[in-house]
Amino acid sequence: MLTHEMNGFLTRTGPGTPMGELFRRYWIPALLDGELPEHDCPPVRVKLLGEKLVAFRDTEGRIGLIDEFCAHRGVSLWFGRNEECGLRCPYHGWKYDVNGQCVDLPSEPEESGMRKSIKLKSYPCVELGGVIWVYMGPPEEKPPLPNFEWVHLPPSHRVTTKRWQESNYLQAVEGGIDSSHVSFLHRGDLATDPFHRNTAGAKFAKSTTTTFHILDSAGGLIIGARRDADPGNYYWRITQWIMPWYTLIPPYGGGNALNGHAWVPIDDENCMAWSMTFHPTHPIPEKHIELIKDGNGVHAELIPGTFRPVANRSNDYLIDRAKQKSGRHYNGVRGLAMQDASVQESMGTTADRTKEHLRSTDRAIIIARQRLVNAGKEVRKGGKAPGLSPEAQLVRSASFILPAEADFEEHALDAVKYREGAPHVAV
Ligand code: FES
Ligand SMILES: [Fe+2]
């Protein structure tokens, strides 16, 4: 349970808020690179941490992420003309380059100096791993580039999708940290989803007695979830939470790809749920890419041309009560991603954490909240944000079966190590 004040501390992300200032110390996934597919392509609206921005790729291929609104009289530059190395406002022709600098102000003589004094807010971007990342923090605090395993893999080895979720980022992150819900919410799909059915992991994950063993890591938490396997053995699933909003999940089925998520605040009532499926040593098969587009595994089926899921809050997630009754979908909603979204959005745009009753299976959530609060306070005092070192991000999730008497910690710390060119540890 949190006080009302603490709930606000953790869930508000706009400029000047403690979490907002903390999150602005990290590279933030802003767009899929395919959203700006070519030079001078149409600009894209991007809202991040409550700030309305517009992204464009200029004539030279440079990416700009600048204030959405024209400095003249506030027209949205989403209507802008992307031409000759700049975005031109269609109202009176003021034009801005990727740094937000006004480069043409047709109504004023250049000698007046007026043009030079007009500059929109802009943030630096990099393209890495199929994602356009932005840094929105103080220039002197800019961290090393993102170093997650999936950003370094060839495009053939990874699939990244994103979907709009109508809730605050924190309840989505907490859903990712809490793997005890898998035995309930995703129970039906463990037996039927093409990435889960007939795997050892899916068989053991049905066990509803989950015990957690949580270790601190440089970037967040290593969360071991223990369930009974065959007599005398435990099935362990190790997920990683990495500051500030990333998780890594082991596959069900040893040969399957790894998965990861990022839940990035759009504003305090909405977040973008990013899902990454990646294999350290193999291309993702074409048939798996098709399954992903169709909303299997950790991905959602999207309304074409948008990032809105086909099943969403406005249509009650297309809930099917017959499938709920039969157990095919435990809460009646199709697909793991939308099962998560449906329950998380049902908590309200920002969950009221003053009324919750946390139990031992929520321990990782409690620790993660504390880590976020501490990090927010540290940055506010002028300190550094945690988890920014390249090593903190270059880790793996894992799953394995261990005899009951074996040392979990020793096995876990070895299994989550990144090994270049070598497959991950998973059963
Ligand atoms: S409002 Fe943009 S040029 Fe006038
Ligand atoms: Fe889930």
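The values are calculated or read from the model by the stated rules, or taken from the named source; none is laboratory data. These numbers come from a predicted model, not from an experiment. In this analysis, Cβ positions are derived from the backbone assuming ideal geometry, glycine residues included, and neighbour counts consider all displayed protein chains.
The helices (runs of 4 or more DSSP H) found entirely in the range 332-427 that carry 1 or more residues being in contact with a His (Cβ under 7 Å, 6 or more places away or on another chain) are 336-345, 408-415.
Of the conditions (1) surrounded by 14 or more Cβ atoms within 10 Å (Cβ to Cβ); (2) closer than 26 Å to Thr199 by Cβ; (3) free of Cβ contacts under 8 Å to residues at least 60 places away in the same chain, Asp407 fails just one. Which one is it? Every condition holds for Asp407 apart from (1). Within the set of pairs 6 or more residues apart or between chains, which connect a residue that is under 12 Å from Ala205 (Cβ atoms) and within 11 Å of ligand 2 (Cβ to nearest atom) inside the range 175-195 to a residue that is assigned to a loop (DSSP other than H, G, I, E, B) and β-branched (Val, Ile, Thr) with Cβ atoms less than 8 Å apart? Short answer, once both residue conditions are applied: Ser179/Thr210; Ser180/Thr210; Ser183/Thr208; Ser183/Thr210; Phe184/Thr208. Taking Ser112, is it in contact (Cβ under 8 Å) with a residue 60 or more places away in the chain, more than 30 Å from Asn331 (Cα to Cα), surrounded by fewer than 16 Cβ atoms within 10 Å (Cβ to Cβ) and polar (S, T, N, Q)? The answer is no for Ser112. Taking the criterion of being more than 9 Å from ligand 1 (Cβ to nearest atom) and either in a strand (DSSP E or B) or touching a Gly at 6+ places or on another chain (Cβ under 7 Å) (or both), the only residue of the range 68-77 that qualifies is Ser76.
Taken together, Ala398, Ala368 contain a single residue that is buried (at least 17 other Cβ atoms within 10 Å of the Cβ), touching a strand residue (DSSP E or B) at 6+ places or on another chain (Cβ under 8 Å), closer than 24 Å to Ser207 by Cα and not charged (D, E, K, R), which is Ala398. Considering the range 78-116, and only residues there that are part of a loop (DSSP other than H, G, I, E, B), of a type in the set (D, E, K, R) and within 37 Å of the chain's Cα centre (by Cα), the residue that is nearest to Ala262 (Cα to Cα) turns out to be Asp97. Among the numbered conditions (1) touching a residue at least 24 places away in the same chain (Cβ under 8 Å); (2) surrounded by fewer than 17 Cβ atoms within 10 Å (Cβ to Cβ); (3) away from ligand 2 (no atom under 16 Å from the Cβ); (4) hydroxyl-bearing (Ser, Thr, Tyr), the only one that Ser217 does not meet is (2).
No other residue among Met1, Met19, Met6 is modelled with pLDDT under 95 and either surrounded by 22 or more Cβ atoms within 10 Å (Cβ to Cβ) or of a type in the set (A, V, I, L, M) (or both) apart from Met1.
Condition check ((1) assigned to a strand (DSSP E or B); (2) more than 16 Å from ligand 1 (Cβ to nearest atom); (3) surrounded by fewer than 17 Cβ atoms within 10 Å (Cβ to Cβ)) across all residues:
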| position | (1), (2), (3) |
| --- | --- |
| Leu31 | yes, yes, no |
| Pro37 | no, yes, yes |
| Val46 | yes, yes, no |
| Thr59 | no, yes, yes |
| Ile66 | yes, no, no |
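For the range 301-334, which positions are touching a residue at least 40 places away in the same chain (Cβ under 8 Å) and in contact with a helix residue (DSSP H, G or I) (Cβ under 7 Å, 6 or more places away or on another chain)? Pro309, Arg313, Gly327, Arg328, His329, Tyr330, Asn331, listed by residue number. Of the residues screened, Thr277 is one that is modelled with pLDDT of 95 or more and within 26 Å of Val425 (Cα to Cα).
Can you find even one residue in the range 314-333 that is modelled with pLDDT under 95 and small (Gly, Ala, Ser)? Looking through the range 314-333, at least one residue is modelled with pLDDT under 95 and small (Gly, Ala, Ser).
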